[in-house]
Every structure is written in C-alpha cells, then in structure tokens.
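J.: Below you'll find the structure I mean.
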Amino acid sequence: MRRFLTLVCLLLLAIPAGVSISGCSRNPGANYCNGLGYGMKITDVASITLAPATTGISIAYGQTHQANSPQLVTCTGATASAGTITWGTTNNQLVDISPTGNICAGTWNRNSGGGIANYTICSPPNPQPATNGLPFATAYITASAQTAVSNPVEVFVHAQVTSISLVGPQACLSQGTQATLDAEACFSQGGTQYEFCAPPSVAATGKYACLGGLPPGVSSVPDCTAAIGSLSYSPGTSSIGTVTTNTTTNQVTITANQPGTTVVTASVAESGSSAGYFTTCPPKSISVTLANGETAGTITQGVTQNLVTTIIDTNGNPITGLSLDYQSTDPIDISAGGGGSITTSFPGVASVYAICQPGSCNPSPINEIGLFGTGLPVTSNKVTITTPGTASDYVWFGAPGQSQYIVPVELLTGTVGSTVHLPYVPNSMVMDRLGDSLYLGSDHELMIVSVSTGTVTKQDNNAPGVVLAVSPDNSELLINDQIRQVFYVYGTSGTVTKTFGGMGSAAAWTPDSKTLYVTDTASAGAGHSDTLYVYNANTGWSSCSAGSPCAGDFSGAKNLAITIPSVGAYLSGNPTVSRTWCPSGTVGNYNSMIFYPQGDEPSNNPIQTDALAATTDGNHILGAALNGSEITLSDINVSIPALNCLPPQTIGTPPVPNPNYPLALGDQLSPLLLTSTTVQTQLAQVSATSVNQVVASPQSNLAFITYIGSTAGAQLPYYLPNQANPEALGTVGYVQLMSGSSPSTTVTAPIAGAFTPDDKLFFVSTAGDNMIHYISIPISVSASTPLTDTHQISPNLPACTPGIDFGCTLTSPITTPVPATVIAVRPRSTT
C-alpha cells in the first residue's frame, strides 16, 4: 500500500501546471459580483427602488397609506429576494411607518394594551405641523434590506383638502392642441374655507377660489405640488380631452380631442372632487357639398356617393372625426349614412344635411350648456339630390275610427289587394320611414302590420293609444294613451322606453330622430290643452303652455311642420309661431334656460293656419286656414340666419369683436330668430268646413290642400310656389276630379292625399264617391300645364258598427264603404 501511495504522488507531481482533471475542480469567483470569489454575491440585494420616486405620496392627517412594494435587484439586474424589509422615516412624529410598510400621517399606536393590536390606530400628528403658517409638512421614507437602502420617497402630510378648483385653459382649445392643468385647493379652519395652495398665476391676481382667501397671517401660498403633493386629473369624457403626466417633471397636460365640455376631477390624498371643466372648441360652421363642390345635383339610382364635409371651429381651425348625423328628408329613396355616404335606392328628391347634435356631438354637462358654444347644436347647409326615374309603389289605405279594415293597392298592376281585418278598429295609422311596417293604434292595444305580407305581426296591449309619429330611424314610436293621458315612447323592439304625462294632437320627429315635437290643442276635446311638448335625446322632456314664461304668443296647434334644416318647427294656430333649438337664458344657470323658445315674432307676421307643411328645399312653410267657408293659403318664405347658436363674432359699425363670442359663463344665450315674409291668397273655388292637410311634393314645386266640405262636384286645389322668387306669391290651380272620363258630380271634398316618392302621382281620397283619384304630375309643373285626374279606384273599406266594434266612432250604422282618411305610400324597385 505504501508503494501505491508513493506512485500516486509521483504521478501528480509529474502533471504539468495548467492541466486539470475533469470533476476534480470548481470556480468560486462566478458566484460573486466582482468575479474574484469574495464580496457581494450575485444573489444578494444590490439596490432598491421605491416608488413613487418623483411625485411622492400625499396623506391627510390621520390617514394611512400602504407603501408600494420596493423593487429589489441584484448586481446582475435580476430580481432579488430578501427575507425582511426594514422601513425607515425621517420624522416618525409626522410620518410613522409600520413593519409592513403601512404609512400613518401622524403616529401609530404601540403597546396600547386591552387587546388592541399594534399599528392599527393612526393618530394625527401632535402638534400639527405648520409651514409658513400653512398646515403641512413633509418627511421621507425608505426601505432597506441586507446592506441596500432605497431612494427616499417624499411624503406630504397636510390638513384635509376640502375642495379643489381647476386652474387650466380659460377658453376652449382647438382639436389637437394642449394646455397645462393645475389647481388650487382649500382647507377648513374654524368653519371657513381658506386657500391652501395655488399656482403663481392665481397668486399674482389675488383672486382665490376659497371663500376665506388667504389664512390669517399668511401672505402667500405655495404651488400645490410643494404643499400637498402631485394631484391626479381625470376627464369625465375622455373623447373630449386626454390627460397625460410627464413622469420626469410631473407636469400634467390635457389634449383637446372632440368638441364639447367635460368635467375634470382632481384627486389628492385619496379624495377627489369635480375641480372644473375643460372644453374642446365646438364647430362654428359645417359645410357639405357633393364631390364636385356643388350643393345640388343628380345621382343615378343605385349609385353611392360621399358628401364632402368641412368643419371649422370657433377659433377658425379645422375639425376632423366629428360624430355627425347626416339627415335626408326622404330616407326611403335617398338615404344618408355615417360619414355622409349617400345611397339612392329609388327615384326621388331629397335635401340632405349634417347636424352636430348633443350629446353624441359637442356634448356638455347640463349645467354648463352654452359654455364656449358647447352643448348647443350646429347644422350644415343643405344639399339637394335628385334621383331620376319612375318607381312603382304599394299604397295602403285606412279609415281610423270608421273601419276595422285596411287595404293595399299594388300600382304595378293597379290591383286592389285583399282587405286586412284588424283585431280592433284603429284610431290612427302610421307607416315607418322605410315602408316596412304599419303601426295602428287603438284604445285597447298597438297593432303592427307587415307591409310586404299584409298580416298582423304583433299586438301589444301594453301600449294602447293613438300612434302620433314614427322616428325616421325606425327605432321608436310616439303613442299617446288618451285615456290615461300619458305619452309612451315605444321602442320598435317591443318595450316602452320613456313616458311623459300629457295629451297630443300631432307630432313630428326631426330627421335625425333626436328631437320630437308634440303639439296639443284645447279644441281637440276634453283633457286636451294648448301645450307644446319637446323631447330631446340630450335635454329630455320639456313643455310649454299658454301663460308660462316660455310661451310668448302661444295658441293651441293642431298641426306642425319641421323646418329644413331641422333647426325648429312651425306650429299652426292663431297666430302661427315657430320654436327653435337655441335655448335662451344664462350660460351656467340651467334653471334660467328656456328650451325651444319662440323663434319667429308673429307680430311681424300675424297669420292663422290650421294645417302646415314644409317644402324639402327649406324655402317655404305652407299653411292653410279656414276663413268662413273659404280657405286662405299662406306661403311663409323662411330664412334661417345662422346655422349655430353662437352670437355674432363682431358687432357694431365699424365692426368690433363681440365680447360675448363664443359665450362664457354668465353670458346670455339668444334664441335662433328666423326671418320670414308671408304672401297669401284665397282658394276661391273651395267651400269647406275645415282644413285637413297641406301636402308638399318631394320636389318642393307643388302642394295640394285637402279639406272637409259638402258641395257636390268639389275640386282639388293646388299651389305652385314661385320658384324664381320664393318671396313672391305663386300660382293657385284646381284639379277637376273625375268619374271615369267625365267630371264627378258626387265628390263633396278631397279629404286626404299623399305623393309617391318619385313625384309622379298624387293620390287623393274623396268623400261623396268614396274613391281614390290618381293625379298625374308632369315632369315640369307650371301654370300652363294643368294637373289632371287620370284614374280612380275604390278601396271598399267596410264601415265599422258603432256599439259593436270596439273603437268605432261612427254615430250610426253605415251600409256603404267609408272613404279612406289615411294614405301611406311605400316604394319598390323599378321594374
């Protein structure tokens, strides 16, 4: 054995230096940061980072706040692990911290006894700190582990902040621009709100938001970041403004996005409040044209074309990405989609325009409506589009209150279809704007009929009443339950979405389906009153009745007509008045506002109308009123002086900047005042007992007047507005109603009428013969091309039986058919 060991030693001595044998050596230096086998190991904590490193932590007296978990790293940059974190503070009478890192703005309880655990009660600092006479001070906390110590984090300890006021842009910002956000804060002392902190810009003016101003003995206050720490800001509507914070400088900026006003909430020390408002400048003007720059043109059926939309804000800068509602006065034939895409499905004529309508566009909190022009609607000019051609149509006829049946006529073949028997006698019949459904009201239930199949598809006894209107987007109906005296806004999905007390005689939605006008007149009978109701998607329901502050010259209206563009509505009555969409009142004082105030001074234009219609070109409101046994026709030429609710930019001569432009807090809102002139003429060849309708053609060059009368051989009056001079009187004509090829001697009155959307035919229902007459409309209507009655059909609507058929309003049984009193026209593809 001794010889063997001696041999092994000789072999080891014989191996040259630098040669190793695998499995018999190690490298201890690799486990150390310096690679030399001593010092800090690569698993040890090399550094600690504690956040927030730049903004610090803000805590009010007696509050607690859990410190962030420190980030521990090794010398290699890997995450380190330490068994215990030790917390430190530079002033444990001001900022105390528990072994788990829970910070107290004051001191923690220790050894309290009575079973009370340590570090569970945070007592405010005693004595309370004072820095230059203000109740705040700062201390620093650190975290340590092994031999490493973190960066210090500043902790602001202060009295409770009672309110925060935004100090930011004092005017609206154009889209894409930025502004710095800052704030001033208050604290309470002895029941008085004193200034705690404010930026230098506020201190320079001496106009502090806190009622008590500076605290006693204090000559100035610091910036809030120096006294209470960094504030965080949050906009209520991020689509209006986006807040960003520079983590290096702590500077907070807000970027203007889409037009509107939004509340900005500021928070500090785990409490926040609505600090103020931020506004992105609203549109001053919206311009729409066809691709060639024109505002009138022809688009072939089936062709889609995009409008060119230009939007300028109140600072004169362009706006992009705005959420506009594009409206068409004839959405069945010529529809306007998102972004101004025009689709021509059928021949017809329509005015198309764009509206910025709060709250989807240019919104504002309800108590800030009008601030810098936000919360107010803006409309564009109109573009007139003609799609040439001839389309066949379905026409549906009904006689609410007199017949339990409705009947279709298919114009392609001229065949009268089968009558549709309804569950109850209807009291109203309205077709949706796309021609898909007929909505028939009754005191028992709502009945829905499919236009294409002629079958009753739904009965809903949860929505009884009179169907007054269908929204243009086909999403809602207005039903007036006149037994319970309540309005139902009924979603076409089958539920009542809104209710409002009242009675109505007529209603109309604006083309964007966001504003609904409802009129009532005391002359309609028991329970009715002279009242206007308006529902707006942004401001909700409002009402105005005779004698109220909103009334002005007010009378009950049996009928109304929406202006084009839809900035308001004209209401029939004596006098005829308009209501427009710019509220009156004071900016910032919601209770002072009157929504939809009077927009046309009737003392300048005192006329009576019983029925109204608007021409789609926006130039005329046509009215008719009974004058003895004759009918007076009124042609109101309307001029809309502004397409927004802002005051003029300049005033006076020579012009100087208007100090109220574009509206600040305390400024007065002004109603949109329409200007108009009226010309009148008598329909001398008519003998009537009441006026039913004024029906304007899609091309705005013709209107018919229907009425109730009893004179055999009655004629159908029509009016041709003066196209060359809209302010001048047009031409009156009369259609001889026929029976076959001979003048009818049995017609006593044309009682209801409707145009086909392609403007080629006018259907008129007549009393006496109970027929439907087809009035052929020539391509170019003029006084030298008289209109003719070319065809007659009988809808054969059976009369209901009073006392037996629920809802029948006839006073005695009738064995003959009743005349149609409602006509609804639906287009179909050209064949």
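The values are calculated or read from the model by the stated rules, or taken from the named source; none is laboratory data. Fair warning: this is a prediction, and the values are worked out from it, not measured in the lab. Cβ coordinates were reconstructed from backbone atoms using ideal geometry, including for glycine residues, and neighbour counts include every protein chain displayed.
J.: With the structure loaded, tell me whether Val19 is over 30 Å from Ser232 (Cβ atoms), at pLDDT 90 or above, assigned to a loop (DSSP other than H, G, I, E, B) and of a type in the set (A, V, I, L, M, F, W, C) or whether it fails that test.
T.: On the way: over 30 Å from Ser232 (Cβ atoms): yes; at pLDDT 90 or above: no; assigned to a loop (DSSP other than H, G, I, E, B): yes; of a type in the set (A, V, I, L, M, F, W, C): yes.
Judged against the criteria, Val19 is not a match.
J.: Using the structure shown, decide if Ile332 is modelled with pLDDT of 95 or more, crowded, with 17+ Cβ neighbours inside 10 Å and under 24 Å from the mean Cα position of the chain (by Cα).
T.: Details: modelled with pLDDT of 95 or more: no; crowded, with 17+ Cβ neighbours inside 10 Å: yes; under 24 Å from the mean Cα position of the chain (by Cα): yes.
The answer is no for Ile332.
J.: What's the total number of residues in the range 28-39 that are surrounded by 14 or more Cβ atoms within 10 Å (Cβ to Cβ) and either basic (Lys, Arg) or free of Cβ contacts under 8 Å to residues at least 40 places away in the same chain (or both)?
T.: 1
J.: Identify all residues within the range 381-423 that are crowded, with 22+ Cβ neighbours inside 10 Å, closer than 27 Å to Val466 by Cα and hydroxyl-bearing (Ser, Thr, Tyr); write none if there are none.
T.: Result: Ser403, Tyr405.
One line per residue, one yes/no per condition, for (1) in contact with a strand residue (DSSP E or B) (Cβ under 6 Å, 6 or more places away or on another chain); (2) more than 19 Å from Gln66 (Cβ to Cβ); (3) crowded, with 19+ Cβ neighbours inside 10 Å:
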| position | (1), (2), (3) |
| --- | --- |
| Ala117 | no, no, no |
| Ile121 | no, no, no |
| Gln128 | no, yes, no |
| Gly133 | no, yes, no |
| Ala143 | yes, no, yes |
| Ser150 | yes, no, yes |
| Val155 | yes, no, yes |
| Thr162 | yes, yes, no |
| Leu166 | yes, yes, yes |
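J.: Now a separate question. Among what's in the range 456-473 and is assigned to a loop (DSSP other than H, G, I, E, B) and either surrounded by fewer than 16 Cβ atoms within 10 Å (Cβ to Cβ) or aliphatic (A, V, I, L, M) (or both), pick the residue that is nearest to the chain's Cα centre (by Cα).
T.: Looking at residues that are assigned to a loop (DSSP other than H, G, I, E, B) and either surrounded by fewer than 16 Cβ atoms within 10 Å (Cβ to Cβ) or aliphatic (A, V, I, L, M) (or both), I get Ala463.
J.: In addition: Can you name every residue in the range 555-585 that is among the basic types (Lys, Arg) and more than 23 Å from the chain's Cα centre (by Cα)? Show your work before the answer.
T.: Step one: list which residues in the range 555-585 are among the basic types (Lys, Arg), which gives 558, 579.
The one that is among the basic types (Lys, Arg) and more than 23 Å from the chain's Cα centre (by Cα): Lys558.
J.: Considering only residues of the range 70-104 that are surrounded by 20 or more Cβ atoms within 10 Å (Cβ to Cβ), of a type in the set (Val, Ile, Thr) and out of contact with any His (no Cβ under 9 Å at 6 or more places or on another chain), which is nearest to Gly56 (Cα to Cα)?
T.: Val95
J.: Please determine, by comparing only the residues of the range 165-189 that are free of Cβ contacts under 8 Å to residues at least 60 places away in the same chain and among the polar types (S, T, N, Q), which one is farthest from Pro662 (Cα to Cα).
T.: Once the filter is applied, the top-ranked residue is Gln189.
J.: Hey, can you tell me all the residues within the range 268-289 that are closer than 16 Å to Phe372 by Cβ and among the β-branched types (Val, Ile, Thr)? It would help to see each step written out before you state the result.
T.: Filtering the range 268-289 down to residues closer than 16 Å to Phe372 by Cβ leaves 276-285.
Within the range 268-289, Thr279, Thr280 qualify.
J.: Out of all the residues in the range 436-455, which are β-branched (Val, Ile, Thr), at pLDDT below 95 and buried (at least 17 other Cβ atoms within 10 Å of the Cβ)?
T.: If the condition is that a residue be β-branched (Val, Ile, Thr), at pLDDT below 95 and buried (at least 17 other Cβ atoms within 10 Å of the Cβ), then Val451 is the only one that fits.
J.: Also, quick follow-up: Quick one: which residue in Ala203, Ala185 is under 24 Å from Thr131 (Cα atoms), surrounded by 15 or more Cβ atoms within 10 Å (Cβ to Cβ) and touching a strand residue (DSSP E or B) at 6+ places or on another chain (Cβ under 6 Å)? Let's see the steps before the verdict.
T.: Numbers: Ala203 fails: touching a strand residue (DSSP E or B) at 6+ places or on another chain (Cβ under 6 Å).
The conditions single out Ala185.
J.: Moving on. Take the range 773-795 and flag every residue that is modelled with pLDDT of 85 or more and either hydrophobic (A, V, I, L, M, F, W, C) or on the phi > 0 side of the Ramachandran plot (or both).
T.: Ile775, Ile777, Val781, Leu787, Ile793
J.: Can you name the residue in the range 511-528 that is modelled with pLDDT of 90 or more and touching a strand residue (DSSP E or B) at 6+ places or on another chain (Cβ under 6 Å) and is also nearest to Val470 (Cα to Cα) among such residues?
T.: Leu516
J.: Suppose we keep only residues that are touching an Asp or Glu at 6+ places or on another chain (Cβ under 6 Å) and in contact (Cβ under 8 Å) with a residue 24 or more places away in the chain within the range 210-249. Which one would you say is farthest from Val161 (Cα to Cα)?
T.: Val221
J.: Six or more apart or on different chains, Cβ under 9 Å: which pairs go from a residue in the range 43-58 that's buried (at least 19 other Cβ atoms within 10 Å of the Cβ) to one that's modelled with pLDDT under 95 and among the acidic types (Asp, Glu)? Could you list them?
T.: Ser58/Glu270
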